[in-house]
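Notes follow the structure.
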Ligand code: ATP
Ligand code: FE
């Protein structure tokens, strides 16, 4: 089976071709056209500008993906497109493009949840078995998902305010470092002492898997101002130490909450998710073992300290951390094509009535089962 994937829910216009044969899935092409320069002057993604750029580039992007795969439209079996969640103008551009292609070719159309695309990527890249814990940690997202099947996701916690990538970006701004802040802060932190400016670990003393990062930025601001007041300015070493302290706090919060999320999956994993009947055969046996894997995706997963902390947590449970290559961790269309594959196999296809959804929780309808207590 060969699918074309289309993604346009944020500030990347992307198209990709993924093929599944006896040897498993293969990415034949994956084109990502970023829009960073278009939005740079505004300090954030401007939805209107993003939507227009998607509309202008989608056709070219699809053409390029097909060309790089060496295929034509008639070689495809279906078209998968991000139908949400995301900036509605962009999502609409993608859905309209996909509908146009489907109408012209008669190919089946599949509307994919963007977050499902991210959550299933470890299967595309590493063949990870269900169930596994997925930590999505980027500039805009931070959440734990228990991934139990191709369409069985459960959110078991996440940030209640900022995403860590956003916090890294703010940290960089406060210290006069360039954007994107993550890599700049990490480079400074390499020279720094994380113990010199101890920053708080918000929510770590509370049960559950929810996280908070906005307080870190305020604490960092105060530590910076104190250092400036004492010495009349920030030295290179002050800045490095502040970055190291900040990075250590983010890594520890993510690691401790990951530990709890894995424990929650292990201890309550024997229960079938609510509202799911009848229980598929083999389900209980598999889930009694707890998470079979721990995967991370998103730009912040590129951070060495964060990654090392998560690897240590995985090792405590005898797991190895699965971190797909960065190009597949950030927004791309290969993950959308891949998420459409199983839907196509199951005959779960959308028609021309497919709607773009600005909000689309992955576990809509399912009552929470994990994450409470502890
Ligand atoms: P989303 O895809 O959730 O809408 P996004 O496009 O901002 O958000 P990504 O492209 O996955 O997310 O990640 C970008 C974020 O990752 C930025 O906030 C950036 O600072 C952060 N980041 C990138 N590299 C590093 C690093 N080495 N350390 C920490 N953070 C990093
Ligand atoms: Fe994304």
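Only the coordinates and a few stated rules stand behind these numbers; no lab work does. All values derive from a computational prediction rather than experimental measurement. With ideal geometry, Cβ positions are generated from the backbone for all residues, glycine too; neighbour counts draw on all protein chains shown.
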Item to complete: Normalise the Debye intensity by I(0) for the range 21-176, one equal point scatterer per Cα, no solvent, then take log10 at q = 0.09, 0.16 Å⁻¹ and round to two decimals.
Response: -0.38, -1.17
Discussion item. How high is the relative contact order of the range 42-157? Use alpha-carbon pairs under 8 Å, at least six apart in sequence, and give a whole percent.
Written reply: 18 percent
Response to the item:
For the range 49-98, shape from the Cα gyration tensor axes a ≥ b ≥ c, cut at a/c of 1.5 then a/b versus b/c, turns out oblate
Practice prompt. Give the shape of the chain as rounded, prolate or oblate, defined through the alpha-carbon gyration tensor: a ≥ b ≥ c are the square roots of its eigenvalues, a/c under 1.5 means rounded, and otherwise the shape is prolate if a/b is larger than b/c and oblate if not.
Written response: oblate
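How do 42, 144 rank when sorted from fewest to most other Cβ atoms within 10 Å of their own Cβ?
The order, fewest Cβ neighbours first, is 42, 144.
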Fill in: Principal-axis tilt of helix 304-316 within the chain, Cα atoms, nearest 10 degrees
80 degrees
Practice prompt. Please tell me the relative contact order of the chain in percent, rounded to the nearest whole number, where contacts are Cα pairs under 8 Å and at least six residues apart.
Written response: 24 percent
Worksheet entry | Mean ellipticity per residue at 222 nm, deg cm²/dmol - from DSSP H runs of n ≥ 4 across the chain, formula -39500 (n - 2.57) | -14000 deg cm²/dmol
Discussion item. Counting other beta carbons within 10 Å of each residue's own, what order do 338, 132 fall into, fewest first?
Written reply: 132, 338
Worksheet item: By its C-alpha gyration tensor, with a ≥ b ≥ c as the square roots of the eigenvalues, how is the range 288-330 shaped: rounded for a/c under 1.5, else prolate for a/b larger than b/c, else oblate?
Response: oblate
Worksheet, complete the sentence: Fewest-first ordering of 54, 141, 114, 39 by Cβ atoms within 10 Å yields 39, 141, 114, 54
Worksheet item: Tell me, what is the percent relative contact order of the range 1-94, built from C-alpha pairs under 8 Å that lie six or more residues apart?
Response: 40 percent
Discussion item. For the pair residue 191/residue 355, report the inter-label distance in nm, with labels modelled 7 Å from Cα in the Cβ direction.
Written reply: 5.4 nm
Discussion item. Could you tell me how far the Cα centroid of the range 349-364 sits from the Cα centroid of the range 1-59, in Å?
Written reply: 18 Å
Worksheet item: Roughly what would the spin-label model give for residue 63 and residue 49, points 7 Å off Cα along C-beta, in nm?
Response: 2.5 nm
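Among bridges DSSP assigns within the chain, what percent are antiparallel (round to 5)?
65 percent
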